[in-house]
Amino acid sequence: MDMPDEGRDRAAPHLRELALFLSVHLDRAPGVLWPEYDNPAFRADGDGGRDGAGDGSAGGSGAGGEGGVRPAQLARFTGGLAALTGLSVRLERLERLERSAAAAAESDPAGPAGTGETGGREHLLIHQIAGAGTWRLAGPGEDGLPASFQCRLLPGEVLYVPARWSRRAECTPRARYAVITLRSRAV
């Protein structure tokens, strides 16, 4: 993945940070980004705070669209990240979990709450918007042997899930996260 110098220099700090993170992890192994800059597209507060231009500096509040996602900022985010990385970037879906793993296990003895999906052909970014989640990943390691990865995401943190890796999340009540797909652009 090449990052053009002119695009990198003009990009917002949160996009540069994410593009650098992807340049290290893409097609290799899972990773967690503890960002220095907030992504203005995703905010935990959906209460209609200041709309702002979203300079990306940490600690700002923002108006929420659906579940803390700001549509205008989301379009800038996906377009900007695509321009920096050369990948196709899109918001796959927003997940909102209303029950804890313990509460769900009591009502459904088949297993804990959360989401579990088998790995597909797309790379994913999981952006934790609110609450916390424990993520368990499994897939082929860099050496081709089975590997696993586990982490706890807090609001604002980002998890990279390589293609073909399965994932399972166990989140706190009212946790929200965005699933962003990354694909190589067809030539």
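The values are calculated or read from the model by the stated rules, or taken from the named source; none is laboratory data. Source: prediction; values computed, not measured. Note that we place each Cβ from the backbone using ideal geometry, even for glycine, and neighbour counts take in every protein chain shown.
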Quick check: is even one residue across region 61-70 surrounded by 19 or more Cβ atoms within 10 Å (Cβ to Cβ), in contact with a Leu (Cβ under 8 Å, 6 or more places away or on another chain) and at pLDDT 70 or above? yes
Which of the residues spanning region 130-154 are closer than 23 Å to Pro40 by Cα and surrounded by fewer than 19 Cβ atoms within 10 Å (Cβ to Cβ)? Ala132, Arg152, Leu154
Pull up region 30-50, narrow it to residues that are within 15 Å of the chain's Cα centre (by Cα) and among the small types (Gly, Ala, Ser), then point me to the one that is modelled with the lowest pLDDT. Ala44
Note on region 71-101: residues at pLDDT 80 or above and assigned to a strand (DSSP E or B) are Leu87, Ser88, Val89, Arg90, Leu91, Glu92, Arg93, Leu94, Glu95, Arg96
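Could you please give the count of residues in region 163-186 that are of a type in the set (D, E, K, R), over 22 Å from Ser23 (Cα atoms) and either in contact with a helix residue (DSSP H, G or I) (Cβ under 6 Å, 6 or more places away or on another chain) or not in a loop (DSSP other than H, G, I, E, B) (or both)?
3
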For region 135-162, what are the residues that are free of Cβ contacts under 8 Å to residues at least 60 places away in the same chain, assigned to a loop (DSSP other than H, G, I, E, B) and among the small types (Gly, Ala, Ser)? Gly144
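Which residue out of Ala104, Ala53 is among the aliphatic types (A, V, I, L, M), at pLDDT below 90 and in a loop (DSSP other than H, G, I, E, B)? Give the derivation first.
Numbers: Ala104 fails: in a loop (DSSP other than H, G, I, E, B).
Answer to the check: Ala53.
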If the requirement is being part of a strand (DSSP E or B), at pLDDT below 80 and over 25 Å from Asn39 (Cα atoms), which of these qualifies: Gly120, Gly111, Gly116? Gly116
Being modelled with pLDDT of 90 or more, under 18 Å from Val24 (Cβ atoms) and not aromatic (Phe, Trp, Tyr) is the filter here, so list the residues in region 129-152 that pass it. Leu137, Gly139, Ala147, Cys151
Could you give every pair whose Cβ atoms fall below 8 Å, whose first residue belongs to region 6-23 and is under 15 Å from Gly79 (Cα atoms) and modelled with pLDDT of 60 or more, and whose second residue is of a type in the set (A, V, I, L, M) and surrounded by fewer than 19 Cβ atoms within 10 Å (Cβ to Cβ), counting only separations of at least 6 or pairs across chains? Ala11/Ala83; Ala19/Met3
